[in-house]
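The values are calculated or read from the model by the stated rules, or taken from the named source; none is laboratory data. Model, not experiment: these values are computed from the prediction. Because the Cβ atoms are built from the backbone with ideal geometry, glycine has one as well, and the counts that use them run over all protein chains shown. Quick note on the areas: whole protein, heavy atoms, side chains included, nothing else; ligands and nucleic acids left out. Shrake-Rupley method; radii C 1.70, N 1.55, O 1.52, S 1.80 Å.
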Amino acid sequence: MFREEFMAEALSLAKKGMGFTSPNPMVGAVIVRDGEIIGSGYHRKCGELHAERNAFADCDSRGISCTGADMYVTLEPCCHFGRTPPCTEAIIEHGISRVFIGSSDPNPLVSGKGASILREHGIEVYEGILKEECDAVNEIFFHYITTGLPFVTMKYAMTADGKIACFTGDSKWITGEQARLNVQRDRLKHSAIMAGVGTVLADDPMLTCRLENGRNPVRIVCDTDLRTPLESNIVRTAADIPTIIAHCNCDSGEYEKRGCRAVRLPEKDGHVDLRKLMEFLGRELHIDSVLLEGGSELNYSALSAGIVSKVQTYIAPKIFGGEDAKTPVSGAGVPHPGEAFMLADRKITLFGSDILIESRVKYVHGNN
């Protein structure tokens with residue numbers, strides 16, 4: 001096997017931690033001797049052993065010595081004490097000869113220091129193995145650790161003529177089962193899911209992850225004037241599933257009695273200030289990512305506030321038509337083509353007959 005193949009194996013292990021490591025990164029590691037993998041591990045859950053230590057535990061449990069072996073790890077090993085001891089110590093103690101790293105860690109507590117410590121102890125370090133793929137796995141962590149703000153993914157499904165619902169408001173279902181299953185995976189991947197009160201009033205959703213052995217994201221409803229019905233599915237289940245109602249009202253007592261966390265925030269342009277909401281989520285609650293499944297008004301507000309990092313556009317081979325049928329982004333819109341919200345770094349994936357286009361938002365002056 002080549003270096004890239006060993007790192008690819010570590011990457012596949014890292015992805016097993018999706019949805020459970022937040023706000024830590026997803027990391028995988030394999031230990032190799034004479035071209036064969038002798039141990040492997042990944043970061044399973046926040047607060048538990050890191051990938052490197054799990055790989056060593058795999059070897060130790062079978063009485064296999066790691067002295068002189070190579071290690072492939074998707075992210076630069078940590079060198080500081082957190083919930084667990086530094087992984088650089090474990091690598092040195094186990095006599096690893098060479099370490100191959102995928103991504104450098106942007107965490108200021110690590111950021112090159114991990115690799116330097118290993119080199120200082122005579123360990124050969126090679127960096128940038130499958131860097132692009134390793135970086136992509138932890139785009140949420142990289143954004144959060146450098147900004148303190150959640151990575152926001154705006155998701156919507158539309159027809160080939162750009163409609164997110166019929167003129168009657170009916171939208172079930174635009175996409176097929178494969179695409180909808182991928183949405184459930186993204187609900188697992190993100191720490192929180194956010195919708196507007198309009199979506200709650202129209203659809204009465206649960207906003208849960210329906211994957212077997214999955215984890216429900218924190219639910220956030222943007223509700224400026226507290227119009228969310230007390231009998232809605234979200235409020236009725238708030239005692240069991242963490243639920244935040246972001247509002248600009250004073251009287252939130254009835255929601256709190258039912259288990260919601262009512263967060264009063266400043267108003268901006270007649271709605272909850274979304275940037276202030278993101279600051280609260282990231283810095284107070286340590287929520288590193290938000291999947292935005294709102295309606296067209298909330299989508300435009302989020303783009304205008306400059307909080308969206310990625311856009312996921314599902315396109316179904318259908319045409320609804322209708323002058324009054326809703327489109328993905330409404331609001332005032334931009335006045336000139338040159339002020340459009342620009343999308344870049346496109347990735348296209350097929351799910352049955354549906355197409356998913358994933359793009360990063362590139363804000364220019366005047367967008368936010």
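Just a few scattered comments:
- Among residues of segment 85-130 being touching a His at 6+ places or on another chain (Cβ under 6 Å) and aliphatic (A, V, I, L, M), the one that is most open to solvent (accessible area, probe 1.4 Å) is Leu109.
- Across segment 337-348, the number of residues qualifying as free of Cβ contacts under 8 Å to residues at least 12 places away in the same chain and either assigned to a loop (DSSP other than H, G, I, E, B) or open to solvent by less than 80 Å² (accessible area, probe 1.4 Å) (or both) comes to 2.
- Look at (1) of a type outside the set (Phe, Trp, Tyr); (2) over 20 Å from the mean Cα position of the chain (by Cα); (3) open to solvent by less than 50 Å² (accessible area, probe 1.4 Å) and you find that Leu277 fails only one, number (2).
- Of all the numbered requirements in (1) part of a helix (DSSP H, G or I); (2) surrounded by 22 or more Cβ atoms within 10 Å (Cβ to Cβ), Gly294 misses one, and that requirement is (1).
- Residue that is farthest from Ile193 (Cα to Cα), among those in segment 13-36 that are assigned to a helix (DSSP H, G or I) and open to solvent by 10 Å² or more (accessible area, probe 1.4 Å): Leu13
- Consider segment 37-55 and keep the residues that are of a type in the set (A, V, I, L, M, F, W, C) and either surrounded by 24 or more Cβ atoms within 10 Å (Cβ to Cβ) or modelled with pLDDT under 95 (or both). The one that is farthest from Asp288 (Cα to Cα) is Ala55.
- In segment 108-163, the residues that are of a type in the set (D, E, K, R), in contact (Cβ under 8 Å) with a residue 60 or more places away in the chain and out of contact with any Ser or Thr (no Cβ under 9 Å at 6 or more places or on another chain): Asp161
- Unique residue being within 16 Å of the chain's Cα centre (by Cα), at negative phi and modelled with pLDDT of 95 or more when the list is Thr159, Thr175, Thr153: Thr153
- Lys310 being in a strand (DSSP E or B), basic (Lys, Arg) and either open to solvent by less than 20 Å² (accessible area, probe 1.4 Å) or in contact with a Ser or Thr (Cβ under 6 Å, 6 or more places away or on another chain) (or both): yes
- In segment 313-331, residue farthest from Gly282 (Cα to Cα) [restricted to those that are in a strand (DSSP E or B) and among the aliphatic types (A, V, I, L, M)]: Ala316
- Scanning segment 354-368 for residues that are of a type in the set (S, T, N, Q) and in contact with a helix residue (DSSP H, G or I) (Cβ under 9 Å, 6 or more places away or on another chain), we see that the one that is surrounded by the fewest Cβ atoms within 10 Å (Cβ to Cβ) is Asn368.
- Set Asp186, Asp203: member being modelled with pLDDT of 95 or more and among the acidic types (Asp, Glu): Asp186
- The lone criterion from (1) surrounded by 15 or more Cβ atoms within 10 Å (Cβ to Cβ); (2) part of a strand (DSSP E or B) left unmet by Val334 is number (2).
- Close pairs from segment 25-46: first over 17 Å from Ile129 (Cα atoms), partner assigned to a loop (DSSP other than H, G, I, E, B) and open to solvent by 30 Å² or more (accessible area, probe 1.4 Å), Cβ under 6 Å, at least 6 apart: Ile38/Ile64; His43/His50; Lys45/Phe20; Cys46/Asn24
- A residue that is open to solvent by 40 Å² or more (accessible area, probe 1.4 Å), within 21 Å of Ser22 (Cβ to Cβ), of a type outside the set (S, T, N, Q) and in contact with a Ser or Thr (Cβ under 9 Å, 6 or more places away or on another chain) occurs somewhere in segment 248-267.
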